[in-house]
1. Considering only the range 90-132, state which residues are within 13 Å of the ligand (Cβ to nearest atom) and among the polar types (S, T, N, Q).
2. Among (1) more than 30 Å from N236 (Cα to Cα); (2) among the aliphatic types (A, V, I, L, M); (3) away from the ligand (no atom under 15 Å from the Cβ), which single condition is L83 missing?
3. Has the range 12-25 got any residue that is away from the ligand (no atom under 11 Å from the Cβ), buried (at least 16 other Cβ atoms within 10 Å of the Cβ), at pLDDT 95 or above and of a type in the set (S, T, Y)?
4. Given the criteria within 16 Å of the ligand (Cβ to nearest atom), closer than 21 Å to E355 by Cα and under 16 Å from the mean Cα position of the chain (by Cα), does L75 qualify?
5. Picking from T181, T206, T173, which residue would you name as being within 14 Å of the ligand (Cβ to nearest atom), at pLDDT below 90 and among the hydroxyl-bearing types (S, T, Y)?
6. Output the residues belonging to the range 345-370 that are in a helix (DSSP H, G or I), over 14 Å from V101 (Cβ atoms) and of a type outside the set (A, V, I, L, M, F, W, C).
7. Scan (1) part of a loop (DSSP other than H, G, I, E, B); (2) under 26 Å from Q368 (Cα atoms) for the single condition Y321 breaks and write down its number.
Amino acid sequence: MIVAEVADFREAARRKVPHFLFEYIDGGSYQQVTLNRNLEDLSDVILEQRVLRDVSQLDPSIRLFGQRLSLPLVLAPVGLAGLNARRGEVQAARAAAAAGVPLCLSTVSACTIEEVAAGSGTAPWFQLYMLRDRGFVSAMLERAKSANCPALVFTVDLPVPGARYRDRRSGLTGANGVTGTVRRVAQAMARPGWCWDVGLLGRPLTLGNVAGVLGANTPLSDFLGWLADNFDPSANWDDLEWVRSQWEGPLIVKGILHPDDARNAVSAGADAIVVSNHGGRQLDGALSAVKALPGIVDAVGASTRIFADGGVRSGLDILRYRSLGADVVLAGRPWVWALGAEGERGVTRMIAMFEAELRVAMALTGAQSI
Ligand code: FNR
């Protein structure tokens, strides 16, 4: 199929990866109200057309924490992303490094921090969830430091997982034991290319960073059960201070939607925050990130870097978030769809599409620099 924009990558991925995996990536929580709001509210942001401003030279790059980003984009942490292609996060990290944008590796990625750093030649940013076992969290932070991860993203909007009904219907959750396995295997068999490339040649299919405590061959369903049991719902602001004391580099707190929480994060030592509702996968009914953004910029924008995510599907959307005060935007599903559709090449093309769209949007709004 012809891939002209990110929506085409979504369709291409739907045809290539097993149903349960596509549903997991694509879905939101409950009735997906917030997921849809992220998209709708972003498309409602009106861009101002300006003319005759000499837009022959455009610079969409920014500097962030001593790094140059070729555009104000970070590939967001997405759990299980690496199952969409053979050793998927390594492929995506290579594409991101070549394009000059960071990839943030999830705690629950398929590939380990070390594999991604070695395989792509660039240490990824690392995303941390607060697990009950603080010793294990400390050890993960040590691994991120040893791998020279340039920034830590501490995600705080998942004390408990939101209910994702599409995962129940697909059989990814709720149907453990033989029934669940049979359903997932049947869905995988319907995608023979994926079975060969990922299921067989891409082994081990584990959650790399946490596999040490699980045993490398534990089935997927056990991982998800383990995560539900091990994420720490008692996490609080003291824990953020504890993370701050363990990490000297840039610390970015992800999952903020309220100005007071933004102020607290900055007081606890965050260098940046991500205005985010986890891509509409947690509290359904919550504000879209784009609606939450201006209030948070007013509250802490003068003293801290503001990132935002949710619903970015084009370079125009990057400009929309920038226009409301975000320094950097993250995109989650787009890179994972591109990875599922075409592997490393897909992620390269997806970033190039975003850049091309962003450049045209800059030209037509009369902005020589981002
Ligand atoms: C996520 N997100 C996420 N965030 C995080 O901090 N750690 C994680 O492991 C995950 N896992 C994850 C899985 C899947 C399938 C999705 C779609 C999202 C949230 C992610 O980082 C980001 O906030 C959203 O994806 C942004 O919304 P868009 O760009 O997908 O619309």
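1. S106, T107, S109, Q127
2. It fails just one condition, (3).
3. No: zero hits.
4. Criteria met by L75.
5. T173
6. R345, G346, E357, R359
7. (1)
Condition check ((1) more than 13 Å from the ligand (Cβ to nearest atom); (2) of a type in the set (F, W, Y); (3) assigned to a loop (DSSP other than H, G, I, E, B)) across all residues:
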residue: G269; (1), (2), (3): yes, no, yes
residue: V274; (1), (2), (3): no, no, no
residue: G279; (1), (2), (3): no, no, no
residue: V290; (1), (2), (3): no, no, no
residue: P294; (1), (2), (3): yes, no, no
residue: A299; (1), (2), (3): yes, no, no
residue: S303; (1), (2), (3): yes, no, yes
residue: I306; (1), (2), (3): yes, no, no
residue: R313; (1), (2), (3): no, no, yes
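The values are calculated or read from the model by the stated rules, or taken from the named source; none is laboratory data. The shown structure was predicted, so the numbers you read here are calculated from the model rather than taken from an experiment. Here the Cβ is made from the backbone with ideal geometry for all residues, glycine too, and neighbour counts use every protein chain on show.
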